[in-house]
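Participant: Quick one: the structure is below, questions incoming.
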Amino acid sequence: LLADEPTGNLDSRTSVEIMEIFQRLNREQGLTIMLVTHEPDIARFARRSVLFRDGKIRSDTRVEKTADAAEVLLRLPRIVDEDDEGVGN
């Protein structure tokens, strides 16, 4: 799966939700995901980081401490849409 800036226009929580889906697909389905991002906080969810600069690979490293998106989601507050308040209560 090639994902070019998949979280670029999303809020923080939704971005982590997308990363959780990607991590689950990788873990459970063995799906290889190549994700392009300019966001260091999103890159921390990867197991490998390849840095490009001026069209050349500048580094290719294994991420020592990959963040677990499912765990991060547990600590993030839920986003409440004002239009949804009171629905189902």
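The values are calculated or read from the model by the stated rules, or taken from the named source; none is laboratory data. The structure presented is a predicted model; accordingly, all values stated were derived computationally and were not measured. With ideal geometry, Cβ positions are generated from the backbone for all residues, glycine too; neighbour counts draw on all protein chains shown. We work out accessible area using only protein heavy atoms, side chains counted, and drop any ligands, DNA or RNA first. Shrake-Rupley method; radii C 1.70, N 1.55, O 1.52, S 1.80 Å.
Table: residues versus (1) part of a helix (DSSP H, G or I); (2) farther than 30 Å from Val80 by Cβ; (3) open to solvent by 40 Å² or more (accessible area, probe 1.4 Å).
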{"position": "Ala3", "(1), (2), (3)": "no, no, no"}
{"position": "Thr7", "(1), (2), (3)": "no, no, no"}
{"position": "Ser15", "(1), (2), (3)": "yes, no, no"}
{"position": "Phe52", "(1), (2), (3)": "no, yes, yes"}
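Participant: In the stretch 54-67, which residues are open to solvent by 60 Å² or more (accessible area, probe 1.4 Å) and part of a loop (DSSP other than H, G, I, E, B)?
Facilitator: Result: Asp54, Gly55, Glu64, Lys65.
Participant: Follow-up question, since we're still on this one. Under 7 Å by Cβ, and 6 or more places apart or on different chains, what pairs join a residue from the stretch 17-31 that is among the aliphatic types (A, V, I, L, M) with one that is assigned to a helix (DSSP H, G or I) and open to solvent by 50 Å² or more (accessible area, probe 1.4 Å)?
Facilitator: Qualifying pairs under 7 Å: Leu31/Leu25.
Participant: Related question: Any chance you could count how many residues in the stretch 26-50 are in a strand (DSSP E or B) and of a type in the set (D, E, K, R)?
Facilitator: 1
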